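Novice: The structure under discussion is supplied below as structure tokens; questions concerning it will follow.
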Amino acid sequence: MKPMGTIPAAFAHAPLVIAGENAEHWAKVAGDTPLFVYDFGVISARIGTFRAAMPERVKLHYAIKANPFASLLDAIAPLVDGLDVASGGELGIALRRKPAAAISFAGPGKRDDELTAAIEAGATINLESEGEWRRARAIGDRLGIRPRVAVRVNPDFELRGSGMRMGGRATPFGVDADRAASLIESILTGGADWQGLHIFAGSQTLDVNALIDALTGALALAERLADQVGTVPQLTNLGGGFGIPYFPGEMPIDVMAIGAALGEAIEQSPLTRADGGFAIELGRWLVGESGVYLTRIVDRKESRGETFLVTDGGMNHQLAASGNLGTVVKRNYPVAIASAAPDAATETVSVVGPLCTPLDRLGDRVTLPVAQAGDLVAVFMAGAYGLSASPTGFLGHPAPRELLVGTHGG
Ligand SMILES: *Cc1c(COP(=O)(O)O)cnc(C)c1O
């Protein structure tokens, strides 16, 4: 038997209830399994926590790539101050929901047509390199539009305890901190509309002190750069990287503590006195815990003394839960048998998807209530980097359904 992560407190289980209804209800609403159900009540509570914890001057941006489901974007867009996008496709869906001034476009390898779309719309391009600046400037000249640009800085520190480090080393992301000032100067003299700085050190951290160090480190770096170029950034995007507890023994982060520490640093900052603004960009922490992936057991079988529950969806829809997205060792996400009563007898089983690969495993030797073909399995923590980060084309099963449920616009 191997342990699994903790089921988020928002979901009553044994039997599972999502936004006041049981799992079979949502499967019926969706029309079929497998499906993702996102409880917007969980997301609006997160936004409320952020607002209560953070200084008013710190804006909240949603990083669309965590979950670009259209209904979810419709609901979240009015509650956040900005949308961060990472492709021309995401730019298009963001522009349907926010004014261009509230959209920033980061990511390496922006093509000329993507830069053109951003410049025409008036979205902020977070420049990832000097070369990208030269291309943006040339496109702006050709169009007769002053591009709005910010500089993404590869910080000279990294986010400790991060599941995905994106700074403090050689990376394709941003311009190294010691070259940022000269790039900013070239932007200022080149006549572009300089929006500010973008400093993102990493993702999925549960260490509050590391998060505080990264955010205050980003602030200090922004102060240094402002000093070097003699101009205060209108907006300093301090990054984020707030993690959520997927695995056994992991604990949620204390956002109030982060807000208190950041508030103190910001209050003393020369950027604040010069009326500079700040943003934190979050994906996973805002939406990750809202999602439940529901997949139906098709077969129950034994092999060499082990029991397998074979479901109609797996890593093709929820790659991260199978342990194949950014992790080395397969650990178990929280899973449940949706309809099981609290007093049900349990057994140790592996929950596997329908794909012909041993990688397709949603639960590895987990203890669950005894289940049969026809029962629904719930895989939690499915709201971020779920469907959009999964290889849906692999083996050609139908796409899963998606539902946004719960309190809308909270
Ligand atoms: C992916 C990404 C985010 C969102 O990260 P989360 O871990 O989902 O909060 C924020 N900023 C940038 C630059 C990113 O690439």
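The values are calculated or read from the model by the stated rules, or taken from the named source; none is laboratory data. From a predicted model like this one, the values you see are computed outputs, not experimental measurements. We place every Cβ from the backbone using ideal geometry, glycine too, and count neighbours over all the protein chains shown. With ligands, DNA and RNA removed, areas are computed over all heavy atoms of the protein, side chains included. Shrake-Rupley method; radii C 1.70, N 1.55, O 1.52, S 1.80 Å.
Novice: Name the residues of the stretch 303-340 whose amide N is less than 11 Å from a point 7 angstrom out from the Cα of Cys356 along the C-beta direction?
Specialist: none
Novice: Work out the charge dipole of the chain with +1 on the Cβ of Lys and Arg and -1 on the Cβ of Asp and Glu about the Cα centre, then indicate which of Thr307, Asn209, Ala52 is farthest towards its positive end.
Specialist: About the Cα centre, the residue reaching furthest to the positive side is Thr307.
Novice: Return, ordered by residue number, the residues of the stretch 218-238 whose backbone nitrogen is under 16 Å from a label point located 7 Å along Cα→Cβ of Asp178.
Specialist: What the label zone holds, given the 16 Å backbone N cut-off, is 225.
Novice: For Ala344 and Thr171 in one chain, what is 0.36 nm times their gap in residues minus the Cα-Cα distance, to one decimal in nm? Spell out each step's value before the answer.
Specialist: Values: separation 173, 0.36 × 173 = 62.28 nm, distance 5.02 nm.
Length gained between Ala344 and Thr171: 57.3 nm.
Novice: Mind checking the alpha-carbon convex hull of the stretch 68-282 and giving the volume per residue in Å³?
Specialist: Numbers: hull volume 26.1 nm³, N = 215.
It is 121 Å³ per residue.
Novice: Top mean-square fluctuation among Gly48, Gly88, Gly396, Gaussian network model of the chain, C-alpha springs under 10 Å?
Specialist: Maximum fluctuation in the GNM of the chain, among the listed residues, is at Gly396.
Novice: So, one more: Suppose only helical runs count, i.e. DSSP H with n ≥ 4. What mean residue ellipticity at 222 nm does that imply for the chain under -39500 (n - 2.57) per run, divided by all residues and rounded to the nearest 500 deg cm²/dmol? Please list the in-between numbers first.
Specialist: Values: 11 runs with 117 residues, N = 410.
Mean residue ellipticity, 222 nm, calculated: -8500 deg cm²/dmol.
Novice: Going by accessible area, probe 1.4 Å, with all protein chains left in place, what is the ranking of Ser203, Ser129, largest first? Could the numbers behind the result be given before it?
Specialist: Numbers: Ser203 15, Ser129 40 Å².
So, going from the largest accessible area down, we get Ser129, Ser203.
Novice: If you average 1/r over every pair of different alpha-carbon atoms in the chain and take one over that average, what Kirkwood value in Å do you get?
Specialist: Details: mean 1/r = 0.0449 Å⁻¹.
Final number for the Kirkwood radius of the chain is 22.3 Å.
Novice: Helix 255-267 against the longest principal axis of the chain: what's the angle in degrees, Cα atoms only, rounded to the nearest 10?
Specialist: 0
Novice: Want the number for Arg304 to Lys330: 0.36 nm per residue separation, take away the alpha-carbon distance, what's left?
Specialist: Length difference between fully extended and current span is 7.2 nm.
Novice: Scan the stretch 67-118 for trypsin sites (Lys or Arg not before Pro) in coil per DSSP, keeping those whose Cβ has at most 14 other Cβ atoms within 10 Å, and list them by number. Could the numbers behind the result be given before it?
Specialist: Values: sites: Arg96, Arg97, Lys110, Arg111; in loops: Arg96, Arg97, Lys110, Arg111.
Counting only loop positions with at most 14 other Cβ atoms within 10 Å, the trypsin sites (Lys or Arg not before Pro) in the stretch 67-118 are Arg96, Arg111.
Novice: What fraction of the DSSP beta bridges in the chain is antiparallel, stated in percent and rounded to the nearest 5? Each step should come with its number before you reach the end.
Specialist: Working: 28 of 68 bridges.
For the chain, the DSSP antiparallel bridge percentage is about 40.
Novice: Connecting C-alpha atoms closer than 10 Å in a GNM of the chain, tell me which of Leu73, Leu143, Leu127 has the biggest fluctuation.
Specialist: Among Leu73, Leu143, Leu127, the largest mean-square fluctuation in the Gaussian network model of the chain belongs to Leu143.
Novice: Working from Cα positions, state the angle (0 to 90°, nearest 10) between the long axis of helix 112-121 and the longest principal axis of the chain.
Specialist: The angle comes out near 70 degrees.
Novice: Principal axes first, then extents: for the Cα atoms of the stretch 1-71, list largest minus smallest coordinate on each axis, whole Å, largest first.
Specialist: 43, 33, 25
Novice: Here's something else I'd like to know. Using each residue's phi in the stretch 27-42, evaluate 6.51 cos²θ - 1.76 cosθ + 1.60 at θ = phi - 60° and report the 3J(HN,Hα) Karplus result to the nearest Hz, with x for Gly and Pro.
Specialist: Each residue's phi maps through the Karplus curve to give 5, 5, 4, 6, x, 5, 10, x, 8, 9, 10, 10, 8, 5, x, 5 Hz.
Novice: Now for a different question. Which residues make up the longest stretch of the chain clear of GluC sites (Glu not before Pro) that lie in a DSSP loop with no more than 16 other Cβ atoms within 10 Å, not counting the sites? Each step should come with its number before you reach the end.
Specialist: Numbers: sites that count: Glu56, Glu250.
Excluding the exposed sites themselves, the longest stretch runs over 57-249.
Novice: Then there's this: Give the Cα extents of the stretch 184-300 along the principal axes, in whole Å, largest first.
Specialist: 68, 31, 17
Novice: Suppose R0 equals 35 Å. What FRET efficiency, 1/(1 + (r/R0)^6) with r the Cβ-Cβ distance, do Glu130 and Val29 give to the nearest 0.05? Provide the component values of the computation, followed by the final result.
Specialist: Details: r = 51 Å, r/R0 = 1.45.
Rounded to the nearest 0.05, the efficiency is 0.10.
Novice: Over the chain, what relative contact order in percent results from Cα pairs under 8 Å that are six or more residues apart?
Specialist: Numbers: 960 pairs, mean separation 97.3, N = 410.
That works out to 24 percent.
Novice: Write down the percent of antiparallel bridges among all DSSP beta bridges whose residues are both part of the stretch 68-282, to the nearest 5.
Specialist: The antiparallel fraction comes to roughly 10 percent.
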